[in-house]
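Engineer: One structure follows; several queries about it will come next.
The values are calculated or read from the model by the stated rules, or taken from the named source; none is laboratory data. Fair warning: this is a prediction, and the values are worked out from it, not measured in the lab. Every residue, glycine among them, receives a Cβ derived from its backbone with ideal geometry; neighbour counts consider all protein chains shown.
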Amino acid sequence: MLEKGSENFIHESDGNKEFIMSVSRRNFLKAGAVAVGTLATGISLPQRGMAEGKRAKVYATKSLDSASLRRMYELVRGDITGRVAIKLHTGEPDGPNILPRDWVRDLQAVIPQSSIVECNVLYSSPRQTTEGHREVIRHNGWTFCPVDIMDADGDASLPVTGGRWLKELAVGSHLLNYDSMLVLTHFKGHTLGGFGGSLKNISIGCASGSVGKQQLHRLTPDGGWPGGAPFMERMVEGGKAIVDHFQGRMAYINVLRNMSVSCDCEGVAAEPVRLPDLGILASTDIQAVDRASVDMIYALPPNVRAPMVERIESREGLRQLSYMKEMGLGSSQYELIWV
């Protein structure tokens with residue numbers, strides 16, 4: 001809905017329909033690809049568990065460079081204090097789409113007491129073990145600051161309040177050493193989740209490799225990796241445990257660049273990039289920043305967005321957003337502010 005006297009479209013829910021993302025009139029004309037209407041899926045989002053009167057601020061820029069990344073951080077850094085965990089996907093060996101190291105280096109340099117944080121993985125990879133993971137981190141060039149593999153010394157359990165699947169989540173024990181977290185995410189597709197945004201980055205990314213990722217994926221007896229709505233819901237519950245732990249001392253940046261339908265966990269085997277680069281989004285609200293990122297995808301022309309939309313919808317990925325709303329994890333209403 002366009003507010004009278006305002007340049008900004010506001011993303012809202014009337015309980016039955018999701019309105020597509022917002023842009024200013026000027027940027028609407030520039031982009032040439034943004035429309036106001038209902039999401040192609042027509043999903044209905046329940047009203048339970050959310051104070052819907054509050055609109056979250058999501059800052060956006062089309063600029064993709066180191067200076068723009070730092071500028072976006074400055075807009076959302078207010079409650080980031082003390083020891084800061086920068087949650088980043090450092091990627092499989094030679095992954096082609098991970099965030100540029102120099103961008104992250106320049107950002108980390110202006111965040112006092114900060115370290116990049118990761119956890120070991122569950123799937124077959126050199127990153128399954130701490131030793132192998134450290135070697136991949138060095139190989140990929142993450143050598144300019146401390147990189148803390150948080151489950152190197154085991155797990156810690158965080159409670160999941162109000163979950164239907166999980167009562168607790170095992171995270172890397174080093175998570176407890178940090179006061180704040182910056183969630184720096186390469187937004188892209190995901191084999192099981194449909195898309196990987198800030199939620200996936202903290203939920204799967206902070207879960208310990210040996211225990212927490214098992215809790216979230218619930219592997220079948222034959223080693224299968226079930227997905228669908230139950231997986232999205234467990235992922236949301238895991239994310240809620242992280243958000244509740246930091247008690248508001250979090251900020252989220254999604255970089256919409258080099259977006260394959262594949263996750264960075266697929267490394268050099270990732271599907272080719274078919275979507276245009278869209279920019280950087282930043283917020284202190286996890287649901288709003290992921291919702292705005294998805295809305296940007298859906299606002300592209302049908303033939304352009306088709307690969308990512310197929311990946312999202314075939315995996316029931318939009319359940320990430322609707323269940324975050326049900327769980328009261330962030331706001332489903334946002335104002336997109338172009339900077």
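Engineer: From the list Ala269, Ala299, Ala288, which one is more than 21 Å from Val339 (Cα to Cα) and not polar (S, T, N, Q)?
Structural biologist: The unique qualifying residue is Ala269.
Engineer: Kindly indicate whether Ser262 is more than 20 Å from Glu168 (Cα to Cα), under 15 Å from the mean Cα position of the chain (by Cα) and outside any helix (DSSP H, G or I).
Structural biologist: When the stated conditions are applied, Ser262 passes them.
Engineer: Any idea how many residues of segment 272-288 are among the charged types (D, E, K, R) and either buried (at least 20 other Cβ atoms within 10 Å of the Cβ) or touching a strand residue (DSSP E or B) at 6+ places or on another chain (Cβ under 8 Å) (or both)?
Structural biologist: Within segment 272-288, residues that are among the charged types (D, E, K, R) and either buried (at least 20 other Cβ atoms within 10 Å of the Cβ) or touching a strand residue (DSSP E or B) at 6+ places or on another chain (Cβ under 8 Å) (or both) number 2.
Engineer: Give me the pairs: first residue in segment 142-171 and crowded, with 19+ Cβ neighbours inside 10 Å, second residue part of a loop (DSSP other than H, G, I, E, B) and acidic (Asp, Glu), beta-carbon distance under 9 Å, and six or more apart or on different chains, which are they?
Structural biologist: Partner pairs satisfying both residue conditions: Ala170/Asp151; Val171/Asp151.
Engineer: Would you be able to say whether some residue in segment 277-292 is outside any loop (DSSP other than H, G, I, E, B), among the basic types (Lys, Arg) and either under 16 Å from Lys57 (Cα atoms) or modelled with pLDDT under 95 (or both)?
Structural biologist: yes
Engineer: Follow-up question, since we're still on this one. Let me confirm something: among Arg311, Arg274, which residue is assigned to a helix (DSSP H, G or I), under 26 Å from Glu92 (Cα atoms) and basic (Lys, Arg)?
Structural biologist: Matching residue, one of Arg311, Arg274: Arg311.
Engineer: Conditions first: (1) touching a helix residue (DSSP H, G or I) at 6+ places or on another chain (Cβ under 9 Å); (2) surrounded by fewer than 21 Cβ atoms within 10 Å (Cβ to Cβ); (3) more than 23 Å from Ser124 (Cα to Cα). Glu313 passes all but one, so which condition is the exception?
Structural biologist: It is condition (1) that Glu313 fails.
Engineer: Okay, moving on. Enumerate the pairs (first residue in segment 203-225 and loosely packed, with under 15 Cβ neighbours inside 10 Å and among the small types (Gly, Ala, Ser); second residue anywhere and at pLDDT below 95 and in a loop (DSSP other than H, G, I, E, B)) with beta-carbon separation below 8 Å, excluding pairs fewer than 6 apart on the same chain, so at least 6 apart or on different chains.
Structural biologist: none
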